[in-house]
Each structure stands twice: as structure tokens, then as C-alpha cells.
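J.: Okay, here's the structure, questions in a sec.
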Amino acid sequence: MAENKTKPTKGRVSDFIAAVDNPKRRADAKKVAAMMRRATGKRATMWGDSMVGYGRYSYRYDSGRSGEWMLTGFAPRKQNLAVYIMPGFEPFEEHMAKLGKYKTGRSCLYINKLEDVDEKVLETLITDSIKLMRRRYNVKP
């Protein structure tokens, strides 16, 4: 059974964020980091060399594959800020309608600039996604 390639590391999140080249992206990353810390009550952990994660949950698929992953997280990329909303977006249609300008992948919310979205709606989306993950996976707060 294959293991996840991306795992928690001992990297310092503050150093990682401080090294983000684009000053606007760095400032946006700091704001999202604060939102996620408030929403999870957890300190950030580096996952691999480019993802910042908060909290953890364990999963097991019907295939037998199991692993551990972050409850939520983000990655400040050159082209956008990727915010990880692990349950996906279907349960949060109301939030998505009010959020602003963004693109999505399966569990990834891509934001060019934080000012493109309503920050209060984003924080509510993050908080509600964590609540849903904690219910689905019986994760302790």
C-alpha cells in the first residue's frame, strides 16, 4: 500500500512564510494562518516543504488504504494562495456564493489576492469545514 508522500516535517512555519517572495502573498498567508489558528485552536505544522497545515485527522478508505492528513491548511504559491477545504465545497454552497472571486479544485480554493474575497466569509468557510471534518472523522477539538 502506497503511503502519502507529503507528511508533517520539523520545518518552521514562520520561516517558510517569511521566505515567500511576493510581499502581498506573504501578508495574505499571515492573515490566512491567523484565521486557521483561530478556527482550529492548533499551531501550524509544515507538511512537506510548501504546505502549512492545522490539526490532523486519520482516514481509511474502503480499499484499505489509510493515512493521516491536515484538517485544513494553505500553500502560498507564486500564482495564487491555495486554501485546503478538506470536505470539498458542496456542503458550503451558501458560503461560496458570498465569497467573491476564486477558483476551486477538488478540495483546493485558489485565491489570487485575499482582497478578492470576503475575509469574514472565508474564515466562516474554514471554520465550518473544520467542524464538518471533526464530525465525519471523530476528531478531537
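The values are calculated or read from the model by the stated rules, or taken from the named source; none is laboratory data. Given the structure is predicted, the values throughout are model-derived calculations rather than measurements. Reconstructed Cβ throughout: ideal geometry from the backbone, glycine too, with neighbour counts over all protein chains shown. Surface accessibility is based on the protein's heavy atoms, side chains included, excluding ligands, DNA and RNA. Shrake-Rupley method; radii C 1.70, N 1.55, O 1.52, S 1.80 Å.
J.: Sequence neighbours fewer than 8 away in the same chain don't count; with that in mind, list the lysines whose C-alpha is under 29 Å from K113.
T.: Leaving aside lysines fewer than 8 places away in the same chain, those within reach of K113 are K5, K7, K10, K24, K30, K31, K42, K78, K98, K101, K103, K131.
J.: What accessible area per residue, rounded to a whole number of Å², is obtained for segment 45-141 using a probe radius of 1.4 Å?
T.: Details: 5370 Å² over 97 residues.
Solvent-accessible surface per residue comes out at 55 Å².
J.: OK, next. Say a paramagnetic label sat at a point 7 Å from the Cα of K31, along Cα to Cβ; which residues of segment 87-106 have their backbone N under 15 Å from it?
T.: 99-102
J.: Further question on the same structure: Pop out the carbon and sulfur fraction of the accessible area of segment 4-140 as a percent, whole number, probe 1.4 Å.
T.: Values: 3590 of 7900 Å².
After summing per-atom areas, the C and S share lands at 45 percent.
J.: For the chain, modelled as a GNM with alpha-carbon contacts under 10 angstrom, which of N80, N22, N112 fluctuates the most?
T.: Among N80, N22, N112, the largest GNM mean-square fluctuation belongs to N22.
J.: Using Cα centres only, tell me the gap between segment 12-79 and segment 103-134 in whole Å.
T.: So the two Cα centres are separated by 13 Å.
J.: Related question: According to the square roots a ≥ b ≥ c of the eigenvalues of the Cα gyration tensor, what is the shape class of segment 46-121, taking rounded for a/c under 1.5, prolate for a/b larger than b/c otherwise, and oblate for the remainder? Don't skip to the answer; put the middle values down first.
T.: Working: a/c = 2.44, a/b = 1.49, b/c = 1.64.
Because a/c hits 1.5 or more and a/b fails to exceed b/c, segment 46-121 counts as oblate.
J.: Turning to a different aspect of this structure: Using only the alpha carbons of the chain, determine the length spanned along each of the three principal axes and report them from longest to shortest in whole angstroms.
T.: Sorted largest first, the three principal extents are 42, 36, 25 Å.
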